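K.L.:
Structure provided below as structure tokens; questions to follow.
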Amino acid sequence: MDHVERMRRMFEGGPVDRLVRRPFGYFPQTWERWKREGLPAEVGQWGPKFEEHFGFDPDVWMGQPLNLGWCEAPLVPCYEEKILRLEGPYEIFQDFIGRVKRYPKGIHDGVMPTYLKHAVASRDDWERDVRPRLDPATPERWRDYAANAARNRERLERGEVLHTAGVVGGYMYLRSLVGPTEVLVLFYDDPDLVHAMMRTWRDLMVACLKRVQADVGPYFRLYLAEDICYKSGPLISPDMMRRFLLPYYRDLFEELKAGQRDPIHFEIDTDGNCLPVVDVYREVGVTAMSPWEAASGCDVVEAGRRWPDLHMRGGIDKRVLAAGPEAIDRMLQHIMPPMVKRGRYIPTCDHAVPQDVSLANYVYFRKRIREMDH
């Protein structure tokens, strides 16, 4: 069974020879540590040598040939990144999404900035300066599209990949433009503006993804980056999700389904404790969730029993990898046997591997996964 058929069956619940072997990701500091601990120089992050070294399957996913955001709204043109002014030991910096931040002078990496302003602080900001940057017809958005679409179509026709529509989710989009606290106030103070922003999100995604669907081929998965949860649960209520997000998700999903014969899977990516929102998302057809953060109380074994038809990826506590082989074995003995039997599961860490995980512990972890995943 090749990697494409294995992933397809994992989503669809069919029989597989073993579980899919793919990573979630790594912090840059982790990779630097591993190189100091003897990781061969030719094993760069991702790519064939990386997959061979750690025993991963080839990457099966192919995204759409234009940027539709992930953690931020896909503005075109972006704002100019520049220092606006200096204030004592700080510099006031405007980033590509229009956020104004305060950094220590000359230091942007490894520090948390203070956010002073987001692009949408008023209805006028939205209408005058931000909404025009979300126009699907802007020529700059389609730069290099024809060549990228042709290359993607060839890969899809050769059966090398599964086609993903990967976009910024509505909550993440709103938060990036308005601010994490400010958007909560906006839900109450100006719901009409929130709906206007979400209609623009929907119209942009529908126009772009439908064109890609026609030019490249059918989608296997719609994948939304949402990050709507934190340690204790969702950042907004299920009622707010149903009011401000789900109608637009339903519109997009139905438009994409109407454009092809093949079924489309619908995945939500959110950190934190997603347990209270799984059933809410399933109201609009969500069939997959990730990454099931263990530190937030997500037990993939229990969730797998509760939602037996849900495709799941993640749930392996990244913190345990630093504790060594015995702790790794205890964790995997809890997770792997029932999840191998259940299926529809990809065993990965519940987020990027942190720098306190040694190379030896990670190699042991991946070895044990390969021994237990079939």
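K.L.:
Quick one: which residues, 5 or more positions from Arg313 or on another chain, have an amide H under 5 Å from its amide H? H modelled 1.01 Å from N in the peptide plane, none for Pro or chain starts.
P.N.:
Distant-sequence amide H within range of Arg313: Met289, Ile346.
K.L.:
For the stretch 175-218, what class follows from the C-alpha gyration tensor (a ≥ b ≥ c being the square roots of its eigenvalues): rounded when a/c is under 1.5, otherwise prolate if a/b is larger than b/c, else oblate?
P.N.:
It is prolate, given that a/c is not under 1.5 and a/b is the larger ratio.
K.L.:
Check cross-link reach from Lys341 to the lysines: straight Cα distance under 30 Å, and skip same-chain residues fewer than eight apart.
P.N.:
Lys231, Lys318, Lys367
K.L.:
Further question: Find the lysine pairs in the stretch 1-145 meeting two conditions, Cα atoms under 17 Å apart and a separation of 8 or more places or different chains, and report how many there are.
P.N.:
Lysine pairs meeting both conditions in the stretch 1-145 amount to 5.
K.L.:
The stretch 246-262 to the stretch 12-37: how many Å between their Cα centroids?
P.N.:
31
K.L.:
Enter the angle in degrees (range 0 to 90, nearest 10) between the Cα long axis of helix 145-157 and the first principal axis of the Cα atoms of the chain, meaning the one along which they spread out most.
P.N.:
30
K.L.:
Which whole-Hz couplings ³J(HN,Hα) result when phi for each residue of the stretch 272-287 is put into the Karplus expression 6.51 cos²θ - 1.76 cosθ + 1.60, θ = phi - 60°, listed in order with x for Gly and Pro?
P.N.:
Rounded to whole hertz, the list is x, 8, 8, 3, x, 10, 4, 5, 5, 5, 5, 4, 10, x, 5, 10.
K.L.:
Let me ask something else. Name the lysines eligible as straight-distance cross-link partners of Lys210: C-alpha to C-alpha under 28 Å, and not fewer than 8 places from it in the same chain.
P.N.:
Counting by Cα, and skipping residues close in sequence, Lys210 has these lysines nearby: Lys257.
K.L.:
How far, in degrees from 0 to 90, does helix 191-215 lean away from the longest principal axis of the Cα atoms of the chain, to the nearest 10?
P.N.:
60
K.L.:
On to the next question. Looking at the stretch 261-327, which trypsin sites (Lys or Arg not before Pro) are DSSP coil and have at most 13 other C-beta atoms within 10 Å of their C-beta?
P.N.:
Arg261
K.L.:
Are there GluC sites (Glu not before Pro) in the stretch 35-83 that DSSP marks as loop and that have at most 13 other Cβ atoms within 10 Å, and which are they?
P.N.:
Hits after loop and neighbour filter: Glu37, Glu42, Glu80, Glu81.
K.L.:
Do any trypsin sites (Lys or Arg not before Pro) in the stretch 158-255 lie in a DSSP loop with no more than 13 other beta carbon atoms within 10 Å, and if so, which?
P.N.:
Filter output for the stretch 158-255: Arg158, Lys231.
K.L.:
In addition: First obtain the Kirkwood hydrodynamic radius of the chain from its Cα pairs, then insert it into the Stokes-Einstein equation at 37 °C and 0.692 mPa s, and state the resulting D in µm² per second as a whole number. If you can, show how the numbers build up before the last one.
P.N.:
Values: Rh = 22.2 Å.
Diffusion coefficient, whole number: 148 µm²/s.
K.L.:
Restricting to the chain, compute how many DSSP beta bridges are antiparallel as a %, nearest 5.
P.N.:
On the way: 15 of 36 bridges.
Looking only at bridges with both residues in the chain, the antiparallel portion is about 40 percent.
K.L.:
Then there is this: Which number do you get for Rg(Cα) / (2.2 N^0.38 Å) in the stretch 129-219? Don't jump to the answer; show the numbers that get you there.
P.N.:
Working: Rg = 16.2 Å, N = 91, 2.2 N^0.38 = 12.2 Å.
Cα-based Rg divided by the globular estimate yields 1.33.
K.L.:
Report, to the nearest 10°, how far helix 246-258 tilts away from the longest principal axis of the Cα atoms in the chain, using its own Cα long axis and a range of 0 to 90°.
P.N.:
70
K.L.:
Rounded, prolate or oblate: which fits the stretch 1-99 when a ≥ b ≥ c are the square roots of the eigenvalues of the alpha-carbon gyration tensor, with rounded for a/c under 1.5 and prolate only if a/b beats b/c?
P.N.:
Taking the square roots of the gyration eigenvalues as a ≥ b ≥ c, the stretch 1-99 is oblate.
K.L.:
Projected onto the charge dipole of the chain (+1 at Lys/Arg Cβ, -1 at Asp/Glu Cβ, origin at the Cα centre), which of Tyr364, Phe27, Tyr79 gives the Cα projection farthest towards the positive end?
P.N.:
Result: Tyr364, furthest along the dipole toward the positive end.
K.L.:
Okay, moving on. With r as the distance between the Cβ atoms of Lys35 and Arg243 and R0 = 35 Å, compute the FRET efficiency 1/(1 + (r/R0)^6) and round to 0.05.
P.N.:
0.10
K.L.:
Assuming 0.36 nm per residue, please report the length gained on full extension of the stretch Glu160 to Arg128 beyond their Cα-Cα distance. Please report the intermediate quantities before stating the final value.
P.N.:
Details: separation 32, 0.36 × 32 = 11.52 nm, distance 4.36 nm.
Between Glu160 and Arg128, full extension yields 7.2 nm more.
K.L.:
Which length gain, in nm to one decimal place, applies between Asp299 and Arg319 when the Cα-Cα distance is subtracted from 0.36 nm times their residue separation?
P.N.:
Separation in residues times 0.36 nm, less the Cα-Cα distance, equals 5.8 nm.
K.L.:
With n ≥ 4 as the cut-off for DSSP H runs, can you work out [θ] at 222 nm for the chain, using -39500 (n - 2.57) per run divided by the number of residues, rounded to the nearest 500? Could you put the intermediate results ahead of the total?
P.N.:
On the way: 13 runs with 146 residues, N = 374.
So the helix-based figure for the chain works out to -12000 deg cm²/dmol.
The numbers here are math on the coordinates, done by the rules we state, and not lab data. Nothing here was measured: the structure is a model prediction, and the numbers come from that model. Because the Cβ atoms are built from the backbone with ideal geometry, glycine has one as well, and the counts that use them run over all protein chains shown.
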